[in-house]
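Asks: Pasting a structure below so you can have a look.
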Amino acid sequence: MNLNQKNKSCYIHIPFCDHICSYCDFCKMFYNSNFVDRYLLELEKEIDSLYSNEVLDTIYIGGGTPSCLSVDELEKLFRIINKLKRSKSCEYTIEGNFNSTSKEKLDLYKKYGVNRLSFGIESIDKNNLRLLDRSLDKDEVIDIINYSKSIGLDNINVDLIYAIPGEDINTLDKDIDFILSLDVKHISTYSLMIEDNTKLKINNTKYIEEDIDYSMYKHICNRLNNYNHYEISNFSTLGYESRHNLCYWKNDNYYGFGLGASSYINNIRYTNTKSLNKYLDGKYILDKEILNKEDIIEYEIILNLRLKEGIDLLYFKDKYNIELNKLYDYNNLVKGKLLVLDNNKLYIPEDKLYVSNEIIVKLLENKI
């Protein structure tokens, strides 16, 4: 087993938001220009202390809401990120909301080499938006998408949230119709999760019934059938799969810089502090998990099986010097059509992806 993989991906967390959504449990805080300046200084120090000069294939700026930073603050951020070496084909993504993304900011993204955008639409329905504590102007969305494409930033992802209490298929269809009308390269879809320490949880919001959730998931898959359903929640035009997220799902190494970020470096998973005070004091790392070979293989199985292509058995053998069927007995799962074995790939059939967690648990229980 190769214990020292090169890091080819980097995640950078910007925790600031100009508004906190009711469902969000990510590491975030309200925008404050004084804290932004101090944060960026510390982010640069963290990068300087940990980055080992690799050439990166993906960079992803997430949050929070990176687009809520001012043009000057974004320019500072991009100059810091320029310390990182990028391959010629590097996928360079920044997240944002439409109401904090201006044409001036899009021009700045283009100037610094960003080539992929990710926006949260979530829903266009007024009741859904009210529950999610979000605002959206459809004309503004169309304007930003069209301008992005006009300057060559046409690799765009938009997020959709479904299974929202009170939502029905007709409401979902209107969301899908609008998203399809934008003609974007990538769509991420998420069933609403009601997490601890969120406004939804505090307000005792209840999940919709599981069979309705499942029917909505199937409906989304059917409506997005012109896209490649390459991962449980993700759909893309061929060739526009999220290379950054594929790094996670293929269990490759990656850097994570910033508040609450995670890294996976040489078989150690690091988690950064979510305390701004500690981070600004240079105490970046909260926790680290040292993995043995057994742990790493288990992660590999769990993450690979999120993907439509599943586990590449020849690659697995080459990576770990052992065949998967010497470690786990998956024959009964294949016979029961919960897994498919085809052309040296072991994967969950598309019609079973919704219950992938149950299938993965069954596989891991069949350890030899």
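Asks: Near LYS206, which lysines are there with a Cα under 22 Å away, not counting those fewer than 8 places off in the same chain?
Replies: Cα-Cα hits under 22 Å: LYS126, LYS218.
Asks: Let me ask you something else. In region 80-127, which trypsin sites (Lys or Arg not before Pro) are in a loop and have at most 12 other Cβ atoms within 10 Å, using DSSP for the loop call? Can you show the working numbers first?
Replies: On the way: sites: LYS83, LYS85, ARG86, LYS88, LYS103, LYS105, LYS110, LYS111, ARG116, LYS126; in loops: LYS83.
Loop-located and lightly packed - LYS83.
Asks: For TYR190, enumerate residues with amide H under 5 Å from its amide H, sequence gap 5+ or separate chain, H modeled in the peptide plane.
Replies: Placed amide hydrogens put LEU160, ILE161, TYR162 under 5 Å from TYR190.
Asks: Which whole-number percentage describes the relative contact order of region 9-249, with Cα contacts under 8 Å and a sequence gap of 6 or more? Numbers along the way, then the final one.
Replies: Details: 364 pairs, mean separation 44.7, N = 241.
Dividing the mean separation by the residue count of region 9-249 yields 19 percent.
Asks: Hey, another quick one. If you count, for each residue, the other Cβ atoms within 10 Å and average over each peptide, how do 233-240, 258-265 line up from highest to lowest?
Replies: Values: 233-240: 17.1, 258-265: 21.2.
The packing order, highest mean first, is 258-265, 233-240.
Asks: In nm, what is the difference between 0.36 nm times the number of residues separating SER275 and VAL355 and their Cα-Cα distance? If you can, show how the numbers build up before the last one.
Replies: Numbers: separation 80, 0.36 × 80 = 28.80 nm, distance 3.52 nm.
Full extension of this stretch gives 25.3 nm more.
Asks: Moving on. Go through LYS283/LYS317; LYS317/LYS362; LYS317/LYS337; LYS88/LYS199 and tell me which ones have a Cα-Cα distance over 31 Å in this structure.
Replies: Over 31 Å Cα-Cα: LYS283/LYS317; LYS88/LYS199.
Only the coordinates and a few stated rules stand behind these numbers; no lab work does. Remember, predicted model here, so these are calculated numbers, not experimental data. We place every Cβ from the backbone using ideal geometry, glycine too, and count neighbours over all the protein chains shown.
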